[in-house]
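All remarks here apply to the structure that follows.
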Amino acid sequence: MKLLNKFYINGHWAEPSAGSTLVDIIDPATEAPAGKLAMGTAADVDAAVAAARAAFPAWSTSSREARIALLERVIECYRARLGDIAQAVRAEIGAPITLCNSLQAPIGLAQLEAALETLRHFEFETPHAKSYVRREAIGVAALITPWNWPLNQITAKVAPALAAGCTVVLKPSEISPLDAIIFAEIMHAAGTPPGVFNMIYGEGRTVGTALSTHPDVDMVSITGSTRAGVEVAMSAAPTVKRVAQELGGKSALLILDDADLQAAVTSGVAQCMANSGQTCVAPTRMLVPRERYEEAVTVAAAVANAVVVGDPADPATKMGPISNRGQFEKVQRMIAIGIEEGARLVAGGPGRPDGLARGFYARPTVFADVRNDMVIAREEIFGPVLVMIPYDGEEQAIAIANDTVFGLAGYIASGSPERARRVAARLRVGSVRINGAMLDITVPFGGYKTSGNGREYGAEGLAEFLEYKSVTG
């Protein structure tokens, strides 16, 4: 049993304030407690923000070389802890150990390296006729991160914020605290100046609200549900602080009539089911030409039924449990709604997979004959559930893809790169991947509509943490 009862504030491990409570850390594979976690209060937020505020003048005026040197040390320390991080993510959210070793842990390293490369070349000052424009750190940044890809989200915020010259207070998800404490240890081992990086645990309604309303916090960057993003924005409004939001999605995969159907469907199902379907950009709506629809349904069902669900510690496992009870219950409720709505269940369904009596395990599920006005096509399920929708013609496919309140990502499968790019230009989303392309963390990432605002990754991600000052004369 692990006891996480310290926060990282002002360069040391600090005891929580009076009033802090302990909650159970639950192993999603067994539903049993794996440890205890201290939950912060508004007083802990005050202490962390005060440390960040005190450190800001020196860090914001530090040289590019000093920030590069810090990121280089963080990268070195992170690389040495890759194995520990992978095991922590496996234990806390139930991701398969193969996924943790290949992606969940290494993606954080990749984000750090990408931010370092961006910092090396970023222009903080540019001439403009008789004037010049300075780009200066916005101030103290509160960073609120989720549990599904925990290290990716932590590093995608912390690294560019520090590169920009901000000081930060990180609030990682209370569902995934084990990797976060390792990350804090990495920041400490790298010699991060006191107050530049701070971390506290806590619930959104307590610590998240205290951060977003705090007068000494200049910016909040949150990754989470659209509901959580709206709540943060509303809390931040009275102090007119900047809010960057990376929120929910209901992304469509448009399989065009010239695509390799077998490859496109196989890839789409795999991407939907990866990480137990707990990926904001997952292609959860598959749009297929009506004339090839039944063929696609057959392929999708076969691929979903072949997914090996089981113990995340077993290297043979391809899909582990849902990360927590609340999300597991939501997934089960949404599957039941799909059945009630009359969608055709072709793979999976309610309940746990055979042979798994305990743990938050869901069945890889595929619904066919879905209309885009059904609840399972409108709402983000955040689980291993794919909906398949037939269409008649390219124009209708684009219309269906755009008929959503979300706008995070889109996917296109086509035999013609030119056609795919033409369709990509008409999708109202922040990023498009063509023919199974992997995520590129050197270009901006973010959403349209209720999927958020602002961008992460690359130069645009670093710029989110900057103010622009024009100087004339």
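For the range 319-327, backbone phi angles converted through the Karplus equation (6.51, -1.76, 1.60; θ = phi - 60°) give residue-by-residue couplings of 9, x, x, 5, 6, 7, 4, x, 6 Hz, Gly and Pro being listed as x.
Where in the range 233-275 is the amide nitrogen less than 16 Å from a point lying 7 Å along the Cα-to-Cβ axis of Asn435? Of the residues in the range 233-275, 254-268 have backbone N under 16 Å from the label point off Asn435. The HN-Hα couplings worked out from phi for the range 213-220 by the Karplus form 6.51 cos²θ - 1.76 cosθ + 1.60 (θ = phi - 60°) are 9, 5, x, 9, 9, 9, 7, 10 Hz, whole numbers, x standing for Gly and Pro. Ranked by how many other Cβ atoms sit within 10 Å of their own Cβ, fewest first, the residues Leu466, Leu82, Leu408 fall in the order Leu82, Leu466, Leu408. Farthest toward the positive end of the dipole of the chain, out of Met219, Tyr448, Ala302, is the Cα of Met219, where the dipole comes from beta carbon charges about the Cα centre.
Positive end of the dipole of the chain (Cβ unit charges, origin at the Cα centre): among Ile412, Gln278, Pro146, the Cα lying farthest that way belongs to Pro146. Charge dipole of the chain (Cα centre as origin; +1 on each Lys and Arg Cβ, -1 on each Asp and Glu Cβ, all else neutral): 560 debye, rounded to the nearest 20. Shape analysis of the range 251-440 based on the Cα gyration tensor places the equivalent ellipsoid semi-axes at 27, 17, 15 Å, largest first.
Quick one: work out Rg over Rh on the C-alpha atoms of the range 163-215, Rh as Kirkwood radius.
Reported Rg/Rh (Cα atoms, Kirkwood Rh): 0.99.
Under the combined filter of DSSP loop state and at most 14 neighbouring Cβ atoms within 10 Å, the range 47-133 retains these GluC sites (Glu not before Pro): Glu123. Restricting the trypsin sites (Lys or Arg not before Pro) of the range 88-174 to loop positions (DSSP other than H, G, I, E, B) with no more than 13 neighbouring Cβ atoms within 10 Å leaves Lys130.
Arranged from fewest to most other beta-carbon atoms within 10 Å of their beta carbon, Thr21, Thr126, Thr118, Thr223 become Thr126, Thr21, Thr118, Thr223.
Quick one: Kirkwood hydrodynamic radius for the range 340-473, alpha-carbon pairs, angstrom, one decimal?
Mean inverse Cα-Cα distance, inverted, gives 17.8 Å.
Using only alpha-carbon positions in the range 54-184, the gyration tensor eigenvalues give semi-axes of 31, 15, 12 Å once each is multiplied by 5 and square-rooted (largest first).
When the helix-only estimate is applied to the chain (DSSP H runs of n ≥ 4, each -39,500 (n - 2.57), divided by the residue count), what is the mean residue ellipticity at 222 nm, nearest 500 deg cm²/dmol?
-11500 deg cm²/dmol
Within the chain, DSSP assigns beta bridges of which about 40% are antiparallel (rounded to the nearest 5). Modelled label positions at Lys36 and Arg134, each set 7 Å beyond Cα in the direction of Cβ, lie 5.0 nm from each other. Farthest towards the positive end of the charge dipole of the range 343-434, among the residues Ala347, Phe382, Val429, is the Cα of Phe382, using unit charges on the Cβ of Lys, Arg, Asp and Glu. Rounded to the nearest 20 debye, the dipole size of the range 251-440 about its Cα centre is 480 debye, using +1 on the Cβ of Lys and Arg and -1 on the Cβ of Asp and Glu.
Only Lys, Arg, Asp and Glu carry charge here, each on its Cβ (+1 for the first two, -1 for the last two); on that basis the range 59-131 has a dipole of about 40 debye about its Cα centre.
Which loop GluC sites (Glu not before Pro) in the range 299-363, with loop taken from DSSP, have no more than 16 other Cβ atoms within 10 angstrom of their Cβ? Mind dumping the intermediate values first?
Numbers: sites: Glu329, Glu340, Glu341; in loops: Glu341.
Filter output for the range 299-363: Glu341.
Just so you know, all these numbers are worked out from the coordinates, no wet-lab data involved. Note that the structure is predicted; figures quoted are calculated from it, not measured. So basically every Cβ, Gly included, is an ideal-geometry build from the backbone, and we count neighbours across all protein chains shown.
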